[in-house]
1. Here is a list of conditions, (1) within 26 Å of SER50 (Cα to Cα); (2) open to solvent by 30 Å² or more (accessible area, probe 1.4 Å); (3) within 19 Å of the chain's Cα centre (by Cα), and SER163 meets all of them except one; can you say which number that is?
2. Output the number of residues of segment 20-56 satisfying the condition of being in contact with a Pro (Cβ under 7 Å, 6 or more places away or on another chain) and touching a residue at least 24 places away in the same chain (Cβ under 8 Å).
3. For segment 124-179, name all the residues that are more than 19 Å from ILE78 (Cβ to Cβ) and of a type in the set (D, E, K, R).
4. Based on what the data block shows, is SER29 open to solvent by less than 30 Å² (accessible area, probe 1.4 Å) and in a helix (DSSP H, G or I)?
5. When you look at GLU112, is it more than 19 Å from GLY47 (Cα to Cα) and of a type in the set (D, E, K, R), yes or no?
6. What about ILE38, is it open to solvent by less than 50 Å² (accessible area, probe 1.4 Å), farther than 23 Å from ILE133 by Cβ and either of a type in the set (Phe, Trp, Tyr) or in a helix (DSSP H, G or I) (or both)?
7. Filter segment 23-56 down to the residues that are at pLDDT 90 or above and β-branched (Val, Ile, Thr) and list them by number.
Amino acid sequence: TMGYIIERLKFWKSEDRLGPDIPTLHILSYFPKYYNRICKKKFLHWGDGSELRPGAYAIYCSTISVGNNVIIRPGSMIFGDSIEEPIIIEDDVLLGAGVHIYSDNHLFENPEIKIKDQGYIRKKVLIKEGAWIGSNVIILPGVTIGEHAVVGAGSVVTKDIPSFTLYAGNPAKMIRKIS
């Protein structure tokens, strides 16, 4: 009915997320000039020259800071959750397609309590200037990726990665320094 449609449209507009599951805004992702205006309003910070490409998701945009000239490619999912523990992507970071970044995770230490009832741990994620994150990389909570570091495609990043290094694998391990 018309009432349901109007309520759904209001819900999509008010949600703290962007992506294909918000169809009214997703259509605008094909028009970067207009979508960037929306990103500037929804994100904690949205830098000049940055793009959230069609097919990419950002959940809890208000807890995600994106620097200048960052391209978030299709299939990527950035899951912010807490302004106290934000996701920060600095300037000139390259993100391949299908990158997943998480700032929270389930607690699971108590076997007496169902995992779904144990709550979450939230930790900041920082990707420093000029880093390159390959396609289908997963970055877990609490990780810092250093300046100009490279993370190979398909890696799972569970620990900090120093600047000017190449890491790859599951879990990601240092392959070599970049000199």
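The values are calculated or read from the model by the stated rules, or taken from the named source; none is laboratory data. Predicted, not measured: the structure shown is a model, and the values here were computed from it. Every residue, glycine among them, receives a Cβ derived from its backbone with ideal geometry; neighbour counts consider all protein chains shown. All accessible areas refer to the heavy atoms of the entire protein, side chains included, with ligands and DNA or RNA removed. Shrake-Rupley method; radii C 1.70, N 1.55, O 1.52, S 1.80 Å.
1. (3)
2. In the first step, residues of segment 20-56 are kept if they are in contact with a Pro (Cβ under 7 Å, 6 or more places away or on another chain); the result is 26, 29-30, 44, 51, 53-56.
From what's left, touching a residue at least 24 places away in the same chain (Cβ under 8 Å): 26, 29-30, 44, 53-56.
Total meeting the criteria: 8.
3. GLU147, LYS159, LYS173, ARG176, LYS177
4. Working: open to solvent by less than 30 Å² (accessible area, probe 1.4 Å): yes; in a helix (DSSP H, G or I): yes.
Judged against the criteria, SER29 is a match.
5. Details: more than 19 Å from GLY47 (Cα to Cα): yes; of a type in the set (D, E, K, R): yes.
Against the criterion (more than 19 Å from GLY47 (Cα to Cα) and of a type in the set (D, E, K, R)), GLU112 qualifies.
6. Numbers: open to solvent by less than 50 Å² (accessible area, probe 1.4 Å): yes; farther than 23 Å from ILE133 by Cβ: yes; either of a type in the set (Phe, Trp, Tyr) or in a helix (DSSP H, G or I) (or both): yes.
So ILE38 passes the test.
7. Within segment 23-56, ILE27, ILE38 qualify.
To keep it simple, each residue is scored yes or no on (1) farther than 25 Å from ASP81 by Cβ; (2) modelled with pLDDT under 95; (3) touching a Leu at 6+ places or on another chain (Cβ under 6 Å); (4) not polar (S, T, N, Q).
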residue: ARG122; (1), (2), (3), (4): no, yes, no, yes
residue: VAL125; (1), (2), (3), (4): no, no, no, yes
residue: ILE133; (1), (2), (3), (4): no, no, yes, yes
residue: VAL137; (1), (2), (3), (4): no, no, no, yes
residue: HIS148; (1), (2), (3), (4): yes, no, no, yes
residue: GLY152; (1), (2), (3), (4): yes, no, no, yes
residue: ALA172; (1), (2), (3), (4): no, no, no, yes
residue: ARG176; (1), (2), (3), (4): yes, no, yes, yes
